[in-house]
Amino acid sequence: MIEIDVINQCLDSMALAPISAGEVSGHPYAQSAQQKLDDTTEDVLAKGWWHNERIITTSLPTGLLRVEGAAGRVLSLREGAIYDHGTQATLTNPYPAQTLGYVLLEFDALPVALQAYIAALTVVAFQASIDGSDVKLKQHGGEVARALTVVQEIDRNSRVRWSK
């Protein structure tokens, strides 16, 4: 799946004809769908999944969305740096062991399961903002639930394998 596929799913939810990737910038509904896709991708990846998890040791990765620490250490991003809520200090390089970061990745580079989940969420967000049909929202909401179940199962299995 690529971005234009998701945009066309959004257009299809309104019974509009599909377009090519080159037509997105000139199509008002396609531009809205693209923005919903970008926002949804960032929101979903900020949660943190097996695929966008990075161990931070020396430098902060590009596109860092969220950080978390080991053993109950509460960390957050502040002004492009990692802040430790326990010590109330900004952390510097090198970072403490087991500092995890979750990065923003291009939609096209994501695994199929994450793409399907993001696509389903995007269609629901698009549908809610443009049409708001209860029937359509319910139909697409079921797709979101199914896709989320798959993503959560893969995430759980991937984390168990890597932790051993």
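The values are calculated or read from the model by the stated rules, or taken from the named source; none is laboratory data. These figures come from a predicted structure and were not determined experimentally. Using ideal geometry, Cβ is built from the backbone for each residue, glycine included, and neighbour counts are taken over all protein chains shown. Note: accessible area is taken over every heavy atom of the protein model, side chains too, but ligands, DNA and RNA are not part of it. Shrake-Rupley method; radii C 1.70, N 1.55, O 1.52, S 1.80 Å.
Here are the numbers for this structure:
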item	result
Residues of the range 86-110 satisfying the condition of being assigned to a loop (DSSP other than H, G, I, E, B) and among the polar types (S, T, N, Q)	Thr87, Gln88, Thr92, Asn93, Gln98
Every pair of residues 6+ apart whose Cβ atoms lie under 9 Å, when the first sits in the range 1-29 and is within 14 Å of Leu121 (Cβ to Cβ) while the second is open to solvent by 70 Å² or more (accessible area, probe 1.4 Å) and of a type in the set (Lys, Arg)	none
Residue among Ala113, Ala71 that is of a type in the set (Gly, Ala, Ser), surrounded by fewer than 21 Cβ atoms within 10 Å (Cβ to Cβ) and either outside any loop (DSSP other than H, G, I, E, B) or touching a strand residue (DSSP E or B) at 6+ places or on another chain (Cβ under 9 Å) (or both)	Ala113
Filtered residues of the range 126-141 (kept if of a type outside the set (D, E, K, R) and more than 24 Å from Gln34 (Cβ to Cβ))	Val135
Output for the range 10-27, where each listed residue is in a helix (DSSP H, G or I) and either touching a His at 6+ places or on another chain (Cβ under 9 Å) or among the hydroxyl-bearing types (Ser, Thr, Tyr) (or both)	Leu11, Ser25
The range 113-128, subset small (Gly, Ala, Ser) and closer than 16 Å to Asp12 by Cβ, residue modelled with the lowest pLDDT	Ala128
Count - residues of the range 28-60 that are part of a loop (DSSP other than H, G, I, E, B) and surrounded by 14 or more Cβ atoms within 10 Å (Cβ to Cβ)	3
